[in-house]
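Structure, as C-alpha cells:
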Number of protein chains: 2
Amino acid sequence: MIFERGLKGIPLSVDLWLHYINFYITEFSSSEDVEDKTRKLYEQAIAAAGTDFRSDKLWDSYISWETVRNNYKAVTKLYDRLLCIPTQLYSHHFDNFKKHVEDHHPKEILSLDEFLKLRQEVVKDAQDGDELATEGPPGTDSPPGVDAPPGLGYDGGMSDDVESRKLRVKIIDIREAMFKRNENEVSRRWAFEEAVRRPYFHVKPLERAQLKNWREYLDFEIEHGSHERVVVLFERCMIACALYEDFWMKYAKYLEQHSIEGVQNVYRRACEIHLPKKPYIHMAWAAFEERQQNYQATRQVLINIDKNVPGLVMVAMRRISLERRQGNDTDVEKLFQDYINQSTSPSVKSFYSIKFARYLLKIKGNSQKARCILTEALERDKRNEKLFLQLIDLEYQTQPVDVDRTLEVFDRVIQNDVQLDFKVKVSQRRMEFLEDFGTDIKRITEAYDEHQKLVKDLNTDRKKKHPDQLDDSSQPPDKKQKTETINGSGDSTSHLSSTSTPDTNHAYNYYYPPNPSSSYPYHSNYANYGSQYGSYYPSY
Amino acid sequence: MIFERGLKGIPLSVDLWLHYINFYITEFSSSEDVEDKTRKLYEQAIAAAGTDFRSDKLWDSYISWETVRNNYKAVTKLYDRLLCIPTQLYSHHFDNFKKHVEDHHPKEILSLDEFLKLRQEVVKDAQDGDELATEGPPGTDSPPGVDAPPGLGYDGGMSDDVESRKLRVKIIDIREAMFKRNENEVSRRWAFEEAVRRPYFHVKPLERAQLKNWREYLDFEIEHGSHERVVVLFERCMIACALYEDFWMKYAKYLEQHSIEGVQNVYRRACEIHLPKKPYIHMAWAAFEERQQNYQATRQVLINIDKNVPGLVMVAMRRISLERRQGNDTDVEKLFQDYINQSTSPSVKSFYSIKFARYLLKIKGNSQKARCILTEALERDKRNEKLFLQLIDLEYQTQPVDVDRTLEVFDRVIQNDVQLDFKVKVSQRRMEFLEDFGTDIKRITEAYDEHQKLVKDLNTDRKKKHPDQLDDSSQPPDKKQKTETINGSGDSTSHLSSTSTPDTNHAYNYYYPPNPSSSYPYHSNYANYGSQYGSYYPSY
C-alpha cells in the first residue's frame, strides 16, 4: 500500500502519518474494528515519530481523537507519556493537560489504582488535619463496620467537591514534576532545534552551519539521549541531509553497536534510494558487508556503484582487492584484464597495467609475467613515464638486483622518445644506480658524460623557452665552487635551483651531474631508482 | 735547476725559454761546448713551443743567433721549418727570409744537394734557351772531355751573377709555395687567435665568450691539426684556463688515444698544482686510474680530495663503490661506519645510514643488519622522514612482503613525532598498501578513518596558518561530486589542489581519503610505498 511504502521511506513524516490515519478513518469508518485499527495506527506513528521534538501535531491529534471518544483515562495515559518527551510545544501540552484535569472528575481520568492511591493520601492528609484541628474524646469515632466503601456514600467528612479539588492538586503536582524534568531536557535541545533552519529535504546543499549543527546535535543525543531518541534524530537528520554521505555513514556507524540489520537497512536506503551514484557510501557498505563476511553482498554493492558510475578507479581496486583477499587469483587477473581493456583513456589503461604488474611481482612473485604486462602496456602507451619507471622498479625489486638487465631498462628509457626533462631524471637515477650497483667504472663515466649531454640539451631547450633566464656563468669559479662543492648538509633547495640551470662552462658541472655533492637532493631519491611517482604526489 | 722546473710547469712560455737560454749563454760562455749546448736548448724550446701561434720571438732569436754565427745554411733550414708553421708573424718571417737570400750567395745558404739540384735546373733552362736561340751546325759543339766540373771555371755560357739571380728566384719560388700554403693555415686560425683576449693566467674567471673560443679552437685543431699542434694549443689553453676543470678533462680525454702517461701527467698537473680542491677533476682522474686498474692510485686520488675538501658525499660514495667493486666488503662497511661517525650534520649521518642500509639489503641481502643500521640512525635523528621512509621501503623490498611487519612500520611512523603533512602522506601510502596487500578489510576501514582524522587536523592547522584560505564547502554536493568522483583519467593537478583542502564536511572525503578516485596522483606513487624521496627531487 502506497502510504506504507512512503512511511518506510520517511517514517518521521508526521504529516504523512496523519494523512494516512485520516485516510484510514474515512475509508474504513464502516468496519466495526476501525477504532482498534486506528488506535494501532496511532501507536505505530508514535513509535516511529513520537519522540521527535516536532511531533506535537501527532500527539495532539491522537489525544483529541481519544478525547472525542471520551476515553479520558487513555488521554491521561497519553499525557503521561507525552509529558516525559522533550518536544517543541511541551508547555502547551501541560496546559492542555491541566485543562483536561479540570474538565473531568478525577475518577474519570485516572486509572482505578491511581485514583484510590491518591484518594487515600487525600483522606490521610484530611484526617491528620482533623486531628490537629479538633481533638474529640475517644468514642466520638464513627462506630466500626459502618464505614461506607471510600469515595461512595460517606466521604470521611469532606464534600466530593473539596475532595476532587484536593485530588486535582495532587494529580497536577505529580505531572508538574515530570514537566519540570522535561522542560530541562527541552532547554538542552532548544538551541539545536532553533538552529535547524531546513528540516525538510531539498536538493540545494545545506550551509556549513546547518551541517555542523546536525552533527553536534547528533553527538549530543548519542551521548545523552536514549537509543530511541538517537535513531529518531538520525531519521530527522537524514531527511534534511539525505544527500550527504557522511551523515548516512555516521548513522550506520552508530547502529553498528545495536543491530546489523539496522546498519544494512540504512546503507540500503542511502545507496538504493538517495545516493545511487556516491562511491564512498557504497565503499563503506561493501566494507561493512565484507566485515560480516557476506562476500556475495559485498561484490554486489561494488558492482552496483561500478555500473552507476563507471570508471572509478577506487571502486575497481576495491573489487580487485576483495577477490585477492578471497584468494580468487583467477578473478583478480580477470578483473585487472577487464579494467585494462574497458578503460578508454590510455593513461588509465596504463595505470591498471602498473597495478597488475605490481600484483604479479610482489604478491604472485611472477616477475616474468609482470614484465610482459608492462611491455604490452608500453606498446599501447608508448611515452608513459610511469610505465617506464615501473619497468625500472621491477628490475630493482628483484633480489639480488640484476645490474645488466636493470641498466638495459635504464638505457631503453633514455633512448626512448620521452620528454627531455624526464630523460634527465632517469639518467640521474642511472648514475646513482651505477655508483651503488655498477661493476664497471667505465660504465659510470660514460653515464656521467651522457648525462651531461642531456643536461646541456635541456638547458639549451630552456634558454630557447626562457631567453631571459638568469645566467650565473659570470660568477668566479671559486665562488661557484663554494656553492657547488658544499657538503651534504648543504641547503638542498639552493642546489636544486642551481641544478636547474647548470653552467656547462664550468668544470664542476660539465663532466658530472649538476652538483652531485649537494648530496641530499641528489642521492636522496634512494628508495626509488624505479619510481619518480613521489614527485607527482600531492605536496601538502 | 729552477728554469727546468719552471718550464716543466709552463713549457709554452717563450719568454721563460729565452731567459733560460740567455742566462745559459752568459753563464757558460767560457766552456767550449757552449754553442752546441745552446743549440740543443733552442731545439728543446722549439720542440716545446715552436708550433705555438705566438712563438715568433723564439724563432727570431734562434735565427739571429745562428746568423750571428754565419751559419747561413742552418738559418735556411730554420726558415724551412718556420715557414710551414702557422704563426702570427708568418709574413714578416717570409720577408726576412727573402732578405736572407738576397744578402748571401746561394752557395752559402743552401745545402750542397739543393744547390746542385737547383743549379742543374737553371743550366737546363739556360741550354733549352740557347738551343731555341742559336741552331749551330753539328761539329760546332765543344770537343768531348773538355768540360769543366759545373759551377767552377766554365759556366755554360752564363756569368755567376746571372746564375745566382736565377738561383735566388728558384729558392724564393719554392718558399713562396710553402708561404702560400702556410698563409692559408694561418687564415683558418686567425679568428680564433684574434678572439684570445687573455692568453696569460689570472685568478679572475674568463668571460663565457673566451671559454667558448678556446673550446672551438681546440675542437678545430683536434679535427685539422697535427697531434703536436693540438697538444701545444692545449698547453696554451691551460695557461689561460688553468682554473677550469673541464678544459683539463678535455685535455686528458684527448690524450687518452695517444698516451696513458700523458693523461696521468695532465691529471697530476691539474690536481696537484692548479686545482687541489676541485672534486670533479679528481673524480675523473680516479675513474681513469681505476680503468687502468691502478686501484692503489685510484684510492690515493680519492683520499687526497677527501682530505682537501672534507664532507663531499660524492667523493665518499666513490671511495665506497671502489671498494665494493673490488669486493672488499669489510672496507666498504668500515668506510660507511667512518663516514657516519665523522660527519657532523645529523642529516648527513642519516644519509650515510640510508646508503649503508641499502647496500646491506640489496647487495649483501642482509635485511636484519640493514634494519639495525636504520634503527640506530633513528635514535640519533629522531624525526628524519627519509629514515622512516627507508624503513618502510626495507620491509616493502622483501619478497614476499611481510604485511604485518610493514604495517607495524607504517604505524610507528604515523604515531611518531613527525610533521603532520608527512604523517598524512605516509598514512595515504598505508591505505594504498592495505588496498594492495592488506588481508583484513577492517584494517583498511580503520586506516581510512585514521587518515581522515589526520587530514582534518592538517586542514585545521592550515586554516590557523592561512585563515584567508578558500573554502569550497559552499558548492552543491553534486557539483563537488563531479570533480570528486571523476574517473582516473581526470586531470591530476586539479585533484591535487582540491586534495590539499579537503572539505571534511562532505561525505565524499569525510570517511575516505581526499578523492581517492582522482586516481592518478593518489595511486600513482606506486613503486614507493617506502619512499617519498621523489618529491624532494629537483623538479626540472
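All of the numbers you see were taken from the coordinates with simple rules; none came from a lab. Small disclaimer: the values here were computed from a predicted structure and weren't measured. As a convention, Cβ positions derive from the backbone with ideal geometry for all residues, glycine included, and neighbour counts pool all protein chains shown.
Which FRET efficiency value, to the nearest 0.05, is calculated for B:VAL162 and B:GLN257 with the Förster distance at 41 angstrom and r the Cβ-Cβ distance?
Rounded to the nearest 0.05, the efficiency is 0.15.
Rounded to whole Å, give me the distance from the Cα center of region A:279-317 to that of region B:27-98.
95 Å
So if I place +1 on the C-beta of Lys and Arg and -1 on the C-beta of Asp and Glu, and nothing else carries charge, what would the dipole magnitude of region A:398-453 be about its Cα centre? I want it in debye, nearest 20.
120 debye
Once the cut-off is 25 Å, how many percent of the Cα-Cα pairs in region B:1-104 end up in the long-distance tail?
Value for region B:1-104: 20 percent of Cα pairs lie more than 25 Å apart.
Could you run the Karplus curve 6.51 cos²θ - 1.76 cosθ + 1.60 with θ = phi - 60° over region B:160-174 and give me ³J(HN,Hα) per residue in whole Hz, x for Gly and Pro?
4, 4, 3, 4, 4, 4, 4, 4, 4, 3, 4, 3, 4, 3, 4
Could the peptides B:285-291, A:266-272 be put in order, highest first, of the mean number of other beta-carbon atoms found within 10 Å of their residues?
B:285-291, A:266-272
Find the percent of Cα-Cα distances in region B:348-389 that exceed 13 Å, and round it to a whole number.
Result for the distance tail: 43 percent.
What does the copy distance list look like for A:GLU43, label position 7 Å along Cα→Cβ, in nm and ordered from shortest?
With the label placed 7 Å along Cα→Cβ, A:GLU43 yields 13.4 nm.
Within region B:225-246, whose backbone N sits under 18 Å from a point 7 Å along Cα→Cβ of B:GLN342?
none
What FRET efficiency do you get for A:ASN366 and A:SER226 if R0 is 56 Å and r is their Cβ-Cβ distance, rounded to the nearest 0.05?
0.50
At most 16 other Cβ atoms within 10 Å and a DSSP loop assignment: could you name the GluC sites (Glu not before Pro) in region B:189-254 that fit?
Sparse-neighbourhood loop GluC sites (Glu not before Pro): B:GLU207.
Using the Cα atoms as the points, what is the convex hull volume per residue of region B:288-352 in Å³?
76 Å³
Going by how many other beta carbons lie within 10 Å of each one, how would you line up A:ILE273, A:ILE373, fewest first?
Exposure proxy ranking, most exposed first: A:ILE273, A:ILE373.
Among B:HIS282, A:HIS104, rank each residue by its count of other Cβ atoms within 10 Å, from fewest to most, as a rough exposure measure.
Arranged by neighbour count, lowest to highest, B:HIS282, A:HIS104 become A:HIS104, B:HIS282.
Along each of its three principal axes, how wide is the spread of alpha-carbon positions in region B:378-422, in whole angstrom units, largest first?
Each principal axis gives a Cα extent; for region B:378-422 these are 30, 17, 17 Å.
Evaluate E = 1/(1 + (r/R0)^6) for A:ILE174 and B:LYS456, where r is the Cβ-Cβ distance and R0 equals 45 Å; express this FRET efficiency to the nearest 0.05.
0.40
In whole angstrom, how far apart do the alpha carbon centroids of region A:398-457 and region B:160-209 sit?
Between the Cα centres of region A:398-457 and region B:160-209 lies a distance of 47 Å.
Mind listing the Cα extents of region A:293-447 along all three principal axes, in Å, largest one first?
If we take the Cα atoms of region A:293-447, the spans are 61, 31, 19 Å.
Hey, fewest Cβ within 10 Å first, where do A:ARG175, B:ARG429, B:ARG383 land in order?
B:ARG383, A:ARG175, B:ARG429
Looking only at region A:229-266, which residues have a backbone nitrogen under 14 Å from a spot 7 Å from the Cα of A:LYS8 in the C-beta direction?
A:265-266
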